[in-house]
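So the structure is just underneath, and the comments pick up after that.
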Amino acid sequence: MLPVVALVGRPNVGKSTLFNALTGTRDALVADLPGLTRDRKFGYGRVGGHYIVVDTGGLVEQPQGLEALMVAQSERAVAEADRVVFVVDAREGLATADHYVANLLRRSGKPVVLAINKAEGLDSDVVGADFHSLGLGEPVAIAAAHRQGLDDLMERVLLGLETPSDPPADAPDGIRVAIVGRPNVGKSTLINRLVGAERVVAFDEPGTTRDSVHVPFERDGHRYVLIDTAGMRRKARVDEGIEKFSVVKALQAIDEAHVVIGVLDAHETIADQDASLLGMVAERGRALILAVNKWDNIPMDQRDHIRNQLLLKVPFLDFAPQHFISARHGTGVGDLLGAVRRAYEAAMREMPTPELTRVLEAALVAHQPPLVRGRRIKLRYAHQGGRNPPIVVIHGNQVEHVPDAFRRYLVNTFREAFRLHGTPVRVEFRSDPNPFAGRRNVLTERQVMKRRRLMRHTKRR
């Protein structure tokens with residue numbers, strides 16, 4: 001089992017920068033802004049060995065509101081860790097908040113290594129003089145942004161721990177499920193309900209989640225990775241620089257996911273922003289499930305109206321199953337994972353060429369394609385062109401003239417025949433090249449003489 005290393009400290013000392021340096025990734029969002037990291041983020045450490053590294057939010061004294069939830073996440077990371085790296089800032093020097101964090105770590109009883117970050121260009125002895133008063137042993141001067149001092153740091157941290165010599169095998173991480181929606185619709189609350197623990201920070205304030213958070217878990221023998229994303233607003237309202245990066249991370253999460261759960265607020269009308277966001281999911285070809293949250297407080301006489309509004313606003317999502325839930329109380333949440341598995345299986349389904357061709361032929365018998373300049377469009381056979389989303393490639397003649405209505409007819413036919421519910425289906429047409437195009441027929445001598453006689457006979461007439 002890989003050892004767990006937690007990175008802790010007060011806000012804006014460079015914990016996320018150190019996380020990216022140790023993992024060799026850019027998974028953690030980094031900016032010169034305190035409180036950017038709010039949830040625990042996990043990754044595989046690659047410097048000095050193989051281990052699990054955990055990025056945490058900043059620890060502050062006397063936290064209130066959202067800060068209290070962030071501190072609780074950090075304390076949980078310390079409790080689960082084998083080693084703790086206490087990160088401080090060399091440029092700002094020893095702060096009162098550092099003493100608070102040091103006392104908290106001593107009470108935890110966990111082995112702690114003190115890392116003085118942002119020490120590039122500074123004398124390590126001079127930098128470390130003030131931090132000896134924390135009573136946590138000899139500090140290690142590093143510069144995470146420049147990858148300096150990381151080998152010495154991890155040698156100290158991993159001393160006495162058994163670390164495998166080979167990197168962990170890339171085991172299948174399960175079905176990746178991205179949770180998307182506008183701010184404050186209940187995405188983080190839904191993840192905590194599905195996992196059964198306070199895994200991500202959920203707070204009644206728009207913009208609580210800023211970075212994409214991956215939450216692996218297992219249920220009924222099936223592995224999942226839930227991806228909590230930042231709420232996406234209209235571009236006109238995205239004026240904070242860090243929020244723009246959060247939106248980019250959310251779009252990357254959609255591309256990374258197998259299935260997307262689009263969370264809507266039942267108390268708000270289906271806005272154009274909801275339709276735009278869900279349209280991007282469909283455009284990327286991801287399997288989709290609509291989860292209408294906060295359904296328990298909706299009066300019975302208004303529920304039919306909300307269902308009708310959903311059909312009117314997003315008619316292009318007729319393939320997506322709808323679930324009406326309450327993430328806070330758990331109503332209807334238990335059915336979501338079953339819907340996720342069915343949508344995933346549909347998106348990854350294998351469709352043999354003979355079966356696809358038979359379904360195509362049956363569809364053509366029921367409804368022939370239209371005529372083009374007096375000639376019928378001919379569709380000959382079909383085969384699978386890809387998965388997630390399922391792609392059906394149809395070969396024939398004059399396929400560039402196939403109308404959109406007939407394309408939709410074929411999509412619905414294949415969806416019903418192969419039970420492709422919960423995922424978009426794409427139909428592509430290809431025309432086989434004419435083997436005689438550009439070739440001239442070379443006449444024999446006898447044919448040339450015959451043509452000359454015909455031409456002379458025509459002139460006489």
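All of the numbers you see were taken from the coordinates with simple rules; none came from a lab. Treat the numbers as computed from the prediction; the structure is a model and nothing was measured. Cβ placement follows ideal geometry from the backbone for every residue including glycine, while neighbour counts extend to all protein chains displayed.
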task: Using θ = phi - 60° and the Karplus relation 6.51 cos²θ - 1.76 cosθ + 1.60, list the HN-Hα couplings for region 101-115 in order, rounded to whole Hz, with x at every Gly or Pro.
output: 5, 4, 5, 5, 5, 5, 5, 5, x, 7, x, 10, 10, 8, 10
field: Cβ-based charge dipole, region 349-461, positive-most Cα from Phe429, Ile391, Met351
entry: Phe429
- line: Note: Glu416 to Asp318 extended length (0.36 nm per residue) minus current alpha-carbon separation gives 34.0 nm
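Which order results if Val13, Val113, Val365, Val359 are arranged by neighbouring Cβ count within 10 Å, fewest first?
In increasing order of surrounding Cβ atoms, one gets Val365, Val359, Val113, Val13.
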- line: Given backbone amide H placed at 1.01 Å from N, residues whose amide H is under 5 Å from that of Val427, ignoring those fewer than 5 places away on the same chain, are Val392
- prompt: Pairs Lys41/Lys118; Lys41/Lys294; Lys15/Lys187; Lys110/Lys294; Lys187/Lys313: which are spaced more than 30 Å apart, C-alpha to C-alpha?
  reply: Lys110/Lys294
message: What are the ³J(HN,Hα) couplings of region 356-367, residue after residue, when phi is run through the Karplus curve with 6.51, -1.76, 1.60 and θ = phi - 60°? Round to Hz, x for glycine and proline.
response: 4, 5, 5, 5, 4, 4, 5, 5, 6, 5, 6, 9
- prompt: Each label point is 7 Å from the Cα along the Cα-to-Cβ direction; what then is the distance between the points at Thr269 and Thr163, in nm?
  reply: 5.7
